[in-house]
Every structure is written in C-alpha cells, then in structure tokens.
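Every read-out reported here was derived from the displayed coordinates using simple, explicitly stated rules and does not represent laboratory data. The structure displayed is predicted, hence computed values, not measured ones. Backbone-built Cβ (ideal geometry, glycine too); neighbour counts: all protein chains shown.
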Amino acid sequence: MVIPAYNEEAVLRRCLEAVLSQTVPAEQIIVVDNASTDGTRAVVTRVQAEHPEAPLLLIEQNAAQGLVPTRNAGLDAADAEVLGRIDSDSVLTPDWVEQVQDAFTDPELAAVTGPVLYYDLPLPRLGLALDHAGRHLMMKRIADRHPFLYGSNMAIRRTAWHQIRSEVCRDERDRMHEDIDLSLHLREHGLTIAYRPAMITGVSARRMDDSPAQFRDYVGRYRRTYSAHQVTSPVPSTATIILRSLYWPLKLLRWLRRPRCSLTDQWRVHSAARTPPRYPPGVPDPGIGIGGEGHGMA
C-alpha cells in the first residue's frame, strides 16, 4: 500500500486507521512524505508506536516536489506482487485488500480500480451509486481508448509498474492527471485494466474548496493528459464541461454538510448501507464481490 503525502496531518491518521483495520492485512504500508511542513511525519511515527506489529514504513522523497516523483518513490520501494495506491484522505472499506487480492487472481490483470464514496458530502449512499454508474459506463463504452485508474483507489501489479516505470510522464509542471497518465501507458503496452465494483474507497470532496479558477485548471488536466498521449476525441472535453457544471452545486453541498457530520459518522452510515440503491439496467451492484485465492500486496 503506497500513500503519497504532502502536508496531510489533518487526514492521514484516519487513512492509516482504515488501512490497519483490513480483514486481510496488507504486507506493506508505505507512507511517502514529500517535504511536508506540518505534522505529517509525526502522525506516522505515532501510529507506528501505537501499532508496533504493523508493517508501516515512512520514507521521505525530498528530491523533487510533486505527486509523481513521490508516488514513484513509493511504488519503487514496495516489493509485494501487487501494489495498492491510495491518497492520504482515502478511507478504505474493511475488505479493500481482500477485494484487490481477489481481482488479481486473474493472471492477465495489470491494474484495477473501483468506485468512491465522498464521505464529506450529503447523501453518501446516493453519491456512491452515481459514481459507480458513471465509472461502469465509462469502462463499458470508452475504456478501450480512454482507460482510467483512480489514484485514490487503485492497485497495480508490480511487474506492470516496472514495465512502464521509465515511460510515465514526469509532469514537472503539475499539469496532468497522473493516474490517467499511468492508465494510458498501461494501455499502450496492451496491459489489462479492470473496474471492480466492490473495491470501494471513501474520499474527501475537499477539491470543492478550490477557487473557481483552481478548479477550472484542475478539470483541464483531463484534456492535457490525453493530448500528451495523442488521444483525440470529444470525451476529455465533455468530461471537463460536466465537471465544471458540478462545481457550484457540490461546493454548496460540501458547505452544508461540513459542520454537521464527522468522518467517523459518515463511515458508520456507509457501513450500514453496504447494499446501495437500485441501479439502471446493466449496472452491477457494487456490493457484489468475486471469491478466489489472493496474492500478497503492499
């Protein structure tokens, strides 16, 4: 499990507590600190002291500022067969590692991703349903030309990572979506990416705290990432328009929800509602999992 971190003192403990509460433990948990100036490293050392039996490592990546070199340092340091990759605000469902292990019983699988639940927005159950329906539709209709991984909720086979390691975009100007870049490099090698509905992660909607200009630049990363790979189609522009139209409604919802419910309360709501609402025909239930013998993962 690789967790890049830059000034994540406020959310990192919750992330680590969820990682340490898995039904099947991860072989390695690697927090990669990118020259944080807050108490990020102290959070990790406290959790290490509280859980001395946990395979929790803290490494530092101070050579370059940015998510890509920090992510790369963590994936390079991990030595399990399957490498989980989440963000510091991710809160995993208790069976996340188990779901990932089951997915990789398919020997052809290079990487897997799943839906997310926004734990600091109202109606998290409905949000999960909509997120899942959208990602399922993308995987079914456009994933051949527009593959996707979600950096807050993904895993990659170590051999696949090393196959593309020297090719992934460095993105020194921080203008791209590093997870989509990763998926496009996998596709260029003919490697398989799967979407697993039961691989659910809670994430923060803190992106809605951005200013309109910051958010506009953020959603523009879709077009810039696909353009860097010479993928031309209306899909990135369409996604940009849709996301920009959601900015103010979601910002209002986040503002309404924030003072009323803690992350712990939100996650209790989610745990009590593992069976989500009805989906459109052809959209599978995220609660459905697949059994099988797992693989060790970091």
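Details
- Applying the Karplus relation 6.51 cos²θ - 1.76 cosθ + 1.60 with θ = phi - 60° to segment 33-40 yields 3J(HN,Hα) values of 8, 10, 6, 5, 10, 9, x, 4 Hz, where x marks Gly and Pro.
- Per the Debye calculation on segment 49-89 with a single equal scatterer at every Cα and no solvent contribution, log₁₀ I(q)/I(0) for q = 0.32 Å⁻¹ amounts to -1.22.
- Under 10 Å, Cβ to Cβ, from residue 16 - net charge with Lys/Arg +1 and Asp/Glu -1: +1
- In segment 32-61, GluC sites (Glu not before Pro) in a DSSP loop with at most 14 other beta-carbon atoms within 10 Å: 53
- DSSP beta bridges confined to segment 1-86 are antiparallel in about 0 percent of cases.
- Rg followed by Dmax, in Å, when segment 167-248 is reduced to its Cα trace: 14.1, 39
- Under the shape rule built on the C-alpha gyration tensor, where the axes satisfy a ≥ b ≥ c, segment 1-128 is rounded, since a/c falls short of 1.5.
- Exposure proxy order (Cβ contacts within 10 Å, fewest to most) of 185, 162: 162, 185
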